[in-house]
Structures are given as C-alpha cells and as structure tokens.
1. Calculate the length of the line joining the C-alpha centroid of the stretch 487-532 to that of the stretch 535-592, in whole Å.
2. With θ set to phi - 60° and the Karplus curve 6.51 cos²θ - 1.76 cosθ + 1.60, what are the ³J(HN,Hα) couplings of the stretch 536-549 in order, to the nearest whole Hz, using x for Gly and Pro?
3. In cubic angstrom, how much convex hull volume per residue do the alpha carbon atoms of the stretch 775-868 span?
4. How big is the stretch 72-171 by the Kirkwood estimate over distinct Cα pairs, in Å?
5. Dipole of the chain (Lys/Arg Cβ +1, Asp/Glu Cβ -1, origin at the Cα centre): which of A68, V751, Y8 lies farthest to the positive side?
6. For the stretch 183-321, give the magnitude of the charge dipole about the Cα centre (Cβ charges: +1 Lys/Arg, -1 Asp/Glu; no others), in debye to the nearest 20.
7. What 222 nm value per residue comes from the helices of the chain, counting each DSSP H run with n ≥ 4 as -39,500 (n - 2.57) and dividing by all residues, nearest 500 deg cm²/dmol?
8. DSSP loop trypsin sites (Lys or Arg not before Pro) in the stretch 719-811 with at most 16 other Cβ atoms within 10 Å of their Cβ, which ones?
Amino acid sequence: MSNNTTQYLKDYQAPNYTITTLNLEFNLDETLTQVIATSQVKQLVQGQPLVLDGENIQLVSVAVNQQALTANQYQCTDNQLIIDDLPERFELTVVTELNPTENTNLEGLYVSGDAFCTQCEAQGFRRITYYLDRPDVMAVFTTKVIADKEKYPYLLSNGNKVDSGELANGKHFATWHDPHKKPAYLFALVAGDFDLLEGQYVTRSGRTVQLEFFVDKGNKAKAQHALESLQRAMKWDEERFNLEYDLDIYMVVAVDFFNMGAMENKGLNVFNSKYVLADNDSATDVDYHGIESVIGHEYFHNWTGNRITCRDWFQLSLKEGLTVFRDQEFSSDVGSRAVNRIDAVKIIRSHQFSEDAGPMSHPIRPEAVMEMNNFYTVTVYNKGAEVIRMIHTLLGEERFQQGMANYIERFDGMAVTCDDFVDAMEQGGNIDLSQFRLWYSQAGTPTVDVTQDYDQDSKKLTLTLEQSCPVSGEEQQKQPFHIPVKLELLTEAGEVVTLDNGEQESLLELTQVKQKFAFDNINQSVIPCLLGDFSAPVKLGFDYSEEQLATILAHSANAYSRWDSAQKLFTQAILNNSSVAKESMSLSSTLIESVRTVVCDQATDPALIGLMIELPAVMELFELVDSVDVDAIITARNFVKQTLATTLKVELKQRYLEAILAIEEASQSADKVALRALKNSLLGLLGTIASDDINTLIATQFEQATNMTDSISALQIANVNNQLCLKDLSAAFEQRWKTNGLVMDKWFATVGSNPSEQVTDLIVEAFEHPSFSWQNPNRVRSLIGAFAVNNPSRFHSVDGSGYQFLTEQLIRLNEINPQIAARLITPLLPWEKISGQRSALMREQLERLAALPNLSKDLVEKVSLSLGK
Ligand code: 7MF
Ligand code: ZN
C-alpha cells in the first residue's frame, strides 16, 4: 500500500518472492542506527523483479550473494527498492540507516523515554529495512542487538536469547532466535534500563514458562497485577480453548510513548504503560480491568494472530475480531458476564454505529484502503467480535470449539483469510454459513423492525421481523443478513413464559427480508423481549410502551435485557423531550418509579444497578436520529438526568451512604469494585443538582478517598457539573499527581471535558503543563480527545469555535504523529448528519485541512472520504 493511492482487496496477488530466514543486526544509536538485514530469498514466480518496501530510511548498500550491487543494478525510490535479474534462490544483504530520535510518529524503531523500542504493525518494519513487508511472507528471524552497555543493559528481541557478550567501546550485544516463522509485523526490539518483575507459569503439559515484565525503574510493584492477569489468561486459554503457550519465555515491556494499547509481537509484547502499571493510589477499578483485558488480548493473539496470521491487511478482523471475542470471553469468565456484555454493547451502539453510518463506513473486512492504520477501527475490532459472537450463538459453545479446533489444525503456521476461518467453522461446527458471510462483505447497521400479532382464540402469537440496511454510496441494494435474535416472552404481570422448547429463551434466525415466527400455546398477550444479550449488532425497531419496558426492567430473567429496557426508557424520554420547548419538558411517573425501584433494589448486583441508572451517552443518542439537533438532544438529556436526580434525591443519597458503609476498604475484590461503581453512578446523578449539600458530598468523597476510583470520580462529577468545589479539587489533584503522567492523563481529560465556555483557554493553558507533551499520545488523547469526544456541548459550539480549535491541533499533530491526528479527527467527519449552521462550519474546517500541502495520507484518506472527493 504505497503513498496516497488506494489499494483494493480484489487486487490481491500472492508474492513473487518469499523470504525464509532473516538475520538482523542492529547497531543502536539515538540518532544514527545502522541495520544489516540478511535474507534468504526464494523466487515463487519467474521473470518478475523483487520489489521491497521501505520508508523514511537511508539505503547504504545492497548485495546479492555477498556481491555488492552497483547503483545501476537496482532502483531505489521513496518507498521501494527494486532489483531485477535475480536467481531462483539467493542471499540478499541490505544495509540501512535511520534516526530513532526524530521518529515522532512512533512507527518502526524509535526512542521512548530512555529506551529504544519498535512498533511494526501494520507496516512499520519497512521503516527499519527494505523488506517484503506483508503478512503472507513469513521468515525465521535471528536478531543481534548491539548497544552501549551502561545506558542499555537489557537488549531484547523475539524468541530465545542464544548468545550475548561484551564488545569494545563500552558496548555489548545479545542475539535472539525465534524458532517460529513470522511476518515482519510481529518483529520487536527493545533496548534500555528497566526494573524486571519475574514470574512463572507451568503449562498444562508441565513446561515452565518464564514471565518477565520490564518497567521503568521504581515501578516494579506496579506490574504485579499485570503479571497475575497474564497467569490467569494463560490458564484460561488452556481450559476454554485448549491452547497452550509455545515458547519458554514471555516478555512484556511497558513504554510511555506508544500509539495504541499494546502489541502482540511474538514472545515480546510491547505495552503502553497505561495497560501494565497499577496500584491502588494511582489506578482506578476500570484501569485494573483494562490491564487484565489487554494483557489477555495480547496473550490470546499468540494463537489467533501469530501462529495463524492474516494473508493480507484486508483480513485484519480475522485476528482482531476473533481476539477481541476471546478477550471479552476471558473477562466474562473471570468477572461479571453481564457487566462485560453491557460494556461491549455500549461501545458498539455509540462508536461503531456512528462509524458505520458515517463517511468511514466499511465492512469488517474492508475492500479499499489508503492508509492501513486508519482501519484499526471499532468496526474491524468490535463489530468483528460481534460477528464471531453470532457464530458462537448459532453454534453453541461445544460446536464453536469444534470449529476452533478445526481452524487451528488446518491453518497453524499459515497466513489465511476470513473466508478460511468461516470455512473451518462451517466444517468443524457442521453448519452452513454461506448467507452469514455477508456480515464480512456488507457494511452498515441493519435495522430489524418487529410487529406482533396475538390471536386469543387459537392462542397463537406471531412475530413478524423485517430487516433493512441503509445503502451507502453507489452500492447496490444490500442482501439480507443472517441475524440471530434471542427472544424471551414475559406476561404482562412479568412472569417469564416457558416456550415450546421447554426453555425460557429461544433463538429466531432471521434470514429473509421479512419473516414470520409463530408461537403456539401462548395463553395470554405477552411482551416480547427481543435481541437478548444483544444477539446481533443491529438496531431494533419495536414500539414498546413505557409500561412494557418497566415490566421487562423489573422482571426479565436476563440482566442485559433489564439494563437495555432502562436504556430504552431513558432514550424515549430524552428523544421525546428533545422536540418540545424547555418549559414543556416532563418525565413520566413510570420512568421515575422504575428508577426508584432500581435504586432501592437490594437483590441485584450493585454494579448492574450502577449501569442501569446511567443515561445513554450523547453520541449514542446522535445515532438514533437522522439529523442531529445538538442543542435539543443535550438539553433534553440534561433535563432527564437532573429531573431524576432531583425527584429521587432522598433515595439516591441514602443508597450512596449505604454503599460507603459497605465498602470500608479499598480492595480490588469484585464486590467492593461493584459497590464503588454503584456509589459513583449514584453520585453522578446527584452531581447534577446545584446545592450546598451535593457540593459538599462531592468534595467530601474527594477528600476522604482511599483510592483513585473515588477521587477521580469526585473530580469528574464536579467537573461535568461545574460544581463550586471544582477549582479546589482540580488544584489539589494536580498538586498531588503533577509528576505522574498516567495519572495526569485523568486530570487532562477533566480539563478537556469541562463544559464551561472557557474550556479552550484551559486546554491551551494545559499545553504548557510540565507533564504535557505533544509527542506523547496518551497525553494528547486525554486532553484533546476528551474535548472532541466527551465535551459535545463545547466541541459543537454553535459559532464553530470548537471545530476550529480541534482543527488547529490536528494541523500541529499532522506533523508530529499522523496516526494520532487521524484518530482524533473522527468527531469532525460526520458533518452531513449535524443540523443547522454547524454542518457548514464543520465542513469548512475539513476543507481547510484538505488544502494543506503536507497533509499526511492518514488524514487525506479520512478528510476526502468525508468531503466526498
Ligand atoms: C484490546 O490489536 C483490544 C484492542 C494492534 C494495535 C492492540 O493487539 C492489538 C494490536 C489498536 C487498537 C486496539 C487494540 C490494539 C491495537 C486493542 C488492544 C487491546 N495488534 Br491500533
Ligand atoms: Zn489485537
């Protein structure tokens, strides 16, 4: 995928050459690193030149079978090295030079703090040497790393260390050999000085695996939770998926400068330090959970991604959708399944639905890509995981695991496609998935509209399901999807109806555009509780009355459905109020009484209650209307939140005080985590009230907090409601944590999401904070990302100043780190959906970006898709 041109899935061609072994030698230097790459190359197709990828590197020399080539024997362009007239098999030696310090986009080899590290997925290896940088070329790597011994005592790469020793001039070296062949994107190198936390894992077959966590000096104790998470993940994958680790050592390095969460490099994961380091004072319960899930995710890639990898980058969901599904299942098996499911659904309904409705809409297996980094999306990852989950729902656990076993057996050691995966599931799971495959090729969010008809005399219930999916661009009409719809029936009194299959739940398989499902022996009119567990990533259209939703909320056997009905009640209330004048807004007593019952419910998991009293995010609400009236939706949402809080103040406050008493200590045990989640949700509602007692309640929680969850929650709640205590709390927090970048990220996020008119001034002030750095993606995402995503009222300022402000920061980031710039531009892209003058103001800023002479291809792709050119 070369510069500013679009690549298509349909044009895929197998490589003309392959590389079987690669010997690398790195002479590390902060500003001038030399790389000697010696490959054994094999011709696969005759009469074709060898075309190697390369970017931002200096070519020093090329040799074939140790014979140096002269300048007329090869062609070196901006991003390719082309060599003609080559034998069938030969040794290729390429020497390159690069500058790791100037490499601020954090791809390839770069300097993070005082260490060297690499990031090669998707196409970073070409910033290290000229190579066949594509995942269907797999080689056995041996890597020699040479560096100053004092500054870089640890020299790491993939696989096992096979040699090390001293060299002249205070240097030393280490040589690593990875016995598993792999694509270049899984290569990693790290050199630096670290604290090392060690552990072990004894595999099911009795091998002892060495576990090593490399963290910044002084942070060893903070890696303990990550180590334990890794041990849990290794055990879980043996038990649930029958998959065992395949090397004698597993290393994890935590670095501060990293574009994403983490990276699954074979035997040497590199992690954003945010997903390794935690202690009670500095990390929230959500942080602890995030570490466990990201550690799991990267570990699970060892089989789904590394042993079996992708043929080409259009197949990214092959490894990512499947691995997200696996990490979600891990979290659900070791924690609360309902809470994890709800968290996953929130991401789909807010971020994925909006991506799929906007200019970046693409199927989970994209067909056209300009910059691959732009396709590490919620669609590929999270909708991809939903697609795997639907296969799981259709097959059941046992047949799903048979399909998985078949997949591993057939494709181990290979670079394969999403179709290969579905083939394996069809064969192993004994099912026809031909129509189901449309989920891989068709973009967009289907809507399933449902109507019901009950015939008292014949005791027959008929549900009619009809699917549709918006057509995007010049696309043909969409073909109907294969949609699994979980169904539960409740009587009007709230009893769960036992169905003809003897169960309380059944699975409807919608395969046609319109389809009827009949149920016999239904003795009374019932409430259909549809799409249980969010059994498909679709929008449901069923005209529920408030009473029906209240019944589901109170009585469904399914925790997800109870939560979802609360969400539907809130959503109806917000959307209804969004079309009336402020003075005429109102809340129904059905809604208020439902929430009152939830708040006082002592039987349900407190974490679920916490989730049930949280209103849908603004972004999720935007997705439910065709043309977004920003002010109307935000005003109505605030009205609903505030009215609930005011009406139920006594109950909310009482439950809040009860929760405090029940917690006592700051431990990470599941019941305390759940109580803290509930407590902070309660405070979140109460915080909308502007009164002395609430202001004091928030300030008191902050002052008496024994853990980060409680102190940052208090600060956030003070912040979004502009409570009187905000200034003091914010200053105290900053004073306590100003030198801890990871904790300051939480503070920067409060600055970015402050809803006051002066927010952009506050952000500009924060740019000067000693902890802020334009080079550090975590800092930038916290401060600017919070403004763009979590501050809708100011980002969408009616004068366009929010759009203009974001654009100015994007222009700056375009030069430093285009990948981060391209992630932050997201809220500016769907200008067509925003109503009123805002639409044109957004477009104006996109045009401004489009006119920049040096716009990175990351931004070029998104801006041009958005502008439709
Ligand atoms: C959990 O997928 C879920 C998703 C690519 C980088 C990590 O392992 C990864 C890498 C991006 C976006 C999200 C995630 C990752 C990346 C991620 C991490 C943990 N292969 Br980009
Ligand atoms: Zn991944």
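1. Their Cα centres are 20 Å away from one another.
2. So the Karplus estimates, Gly and Pro as x, are 8, x, 10, 9, 9, x, 9, 7, 6, 7, 4, 5, 4, 5 Hz.
3. Details: hull volume 7.4 nm³, N = 94.
About 79 Å³ per residue, rounded to a whole number.
4. Numbers: mean 1/r = 0.0619 Å⁻¹.
Kirkwood radius, the stretch 72-171: 16.2 Å.
5. A68
6. Numbers: 13 positive and 22 negative charges, 82 e Å.
Using only the charged Cβ atoms, the result is roughly 400 debye.
7. Working: 28 runs with 335 residues, N = 869.
The helix-only estimate for the chain comes to -12000 deg cm²/dmol at 222 nm.
8. On the way: sites: K727, R736, K738, K746, R779, R781, R794; in loops: K738.
Answer in residue order: K738.
Read-outs: derived from the displayed coordinates by stated rules, not from any lab. Everything quoted here is computed from the prediction, not taken from an experiment. A quick note on method: Cβ atoms are made from the backbone with ideal geometry, for glycine too, and the neighbour counts reach across all protein chains shown.
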